[in-house]
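Participant: This is the structure, below, for whatever I ask next.
Taken together, the values in this text are just the output of simple stated rules run on the coordinates, not laboratory data. In this text, all values refer to a predicted model and were calculated from it rather than measured experimentally. Note that we place each Cβ from the backbone using ideal geometry, even for glycine, and neighbour counts take in every protein chain shown.
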Amino acid sequence: MSIKLEKGHKIDLNKGANAELNQLYVGLGWDPIKEKGFFGSKTIDVDLDASLLMFNEKHMCDSVSFRQLKSLCGSVVHSGDNRTGDGDGDDEVINIKLKDVPSHVTSMIVVINSFTGVKFDKIAEASCRLCNAGNNEELAIFPITGGGDFTAMIMVKIYRHAGSWKVSAIGEKCNGRTFDALLPTINAFL
């Protein structure tokens, strides 16, 4: 059963039916902007980017994004950059092999940026999903459409606690074309 995440929600990834969850993926989906004008309609491509940042205590030790598609340890892999949002389903996917994440990594933060600078209130059907990669079951979804005048969002923190993986929905609205611009804000959530 999927949970609709809102800012502040927490879930245990290794509870109940997911007790043996070893692989997780983050799916980012959105649609291009469709504008109607006097001479017809036009479609405007939107380049959203999903990134995953890996931390040991309070320092970033690795990242996966359109610039680096695989973590240094190989436990996290990005599907590649989608620059339009065209098509159905997830437009960008980040696969995480939880059991292969090095023990020094205590948390991972998922960030979404509008590389083209389009504000999220203009983007149609944008959402970020957490799914069990073993059976493709959606565990949680975080809608991000219609949120207002911002170009980035710090989505969720995936972290270790008492021997299991947990998720905390952050939902912090920010501005920045890449995750680098958000690092000072991200540090507050570690």
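Participant: What's the Kirkwood radius of the chain in Å, using all Cα pairs?
Facilitator: Answer for the chain: a Kirkwood hydrodynamic radius of 16.7 Å.
Participant: First measure r as the distance between the Cβ atoms of residue 60 and residue 162, then evaluate 1/(1 + (r/R0)^6) with R0 = 25 Å and state the FRET efficiency to the nearest 0.05.
Facilitator: 0.60
Participant: Quick one: net charge of residue 156's neighbours, Cβ under 12 Å, K/R +1, D/E -1?
Facilitator: +3
Participant: Here is a follow-up. Which FRET efficiency value, to the nearest 0.05, is calculated for residue 150 and residue 99 with the Förster distance at 25 angstrom and r the Cβ-Cβ distance?
Facilitator: So, using R0 = 25 Å, E works out to roughly 0.10.
Participant: May I pose another question? Would you mind checking which residues have amide H under 5 Å from residue 63's amide H? H placed 1.01 Å from N; only 5 or more apart, or other chain.
Facilitator: 54, 72
Participant: Which whole-Hz ³J(HN,Hα) couplings does the range 85-98 yield from phi under the Karplus relation 6.51 cos²θ - 1.76 cosθ + 1.60, θ = phi - 60°, glycine and proline marked x?
Facilitator: Karplus-based 3J(HN,Hα) across the range 85-98 equals x, 6, x, 9, x, 6, 8, 9, 10, 10, 8, 10, 8, 4 Hz.
Participant: Let me ask you something else. Along the range 106-111, what does the Karplus equation 6.51 cos²θ - 1.76 cosθ + 1.60 (θ = phi - 60°) give for ³J(HN,Hα), rounded to whole Hz, x for Gly and Pro?
Facilitator: Computed from phi, the couplings for the range 106-111 are 9, 7, 9, 10, 9, 10 Hz.
Participant: Once you list every other residue whose beta carbon is under 14 Å from the beta carbon of residue 189, what net charge do they have if Lys and Arg are +1 and Asp and Glu are -1?
Facilitator: With Lys, Arg at +1 and Asp, Glu at -1, the neighbours total +4.
Participant: Report, in deg cm²/dmol and to the nearest 500, the calculated mean residue ellipticity at 222 nm for the chain, where each DSSP H run with n ≥ 4 adds -39500 (n - 2.57) and the sum is divided by the residue count.
Facilitator: Calculated from helices alone, the mean residue ellipticity at 222 nm is -500 deg cm²/dmol.
Participant: Another question, if that's okay. What ranking, highest mean first, results for peptides 58-65, 30-37 when packing means the other Cβ atoms within 10 Å averaged over each residue?
Facilitator: Highest mean packing first, the order is 58-65, 30-37.
Participant: Please compute the contact order of the chain in relative form: average sequence separation of alpha-carbon pairs under 8 Å and at least six residues apart, divided by the residue count, as a percent.
Facilitator: For the chain, the relative contact order is 28 percent.
Participant: Among residues other than residue 100 whose Cβ falls under 13 Å from its Cβ, what is the net charge (Lys/Arg +1, Asp/Glu -1)?
Facilitator: +2
Participant: Also, quick follow-up: Going by amide H atoms built from the backbone, whose H comes under 5 Å of the H on residue 133, apart from near neighbours?
Facilitator: 23, 24, 25
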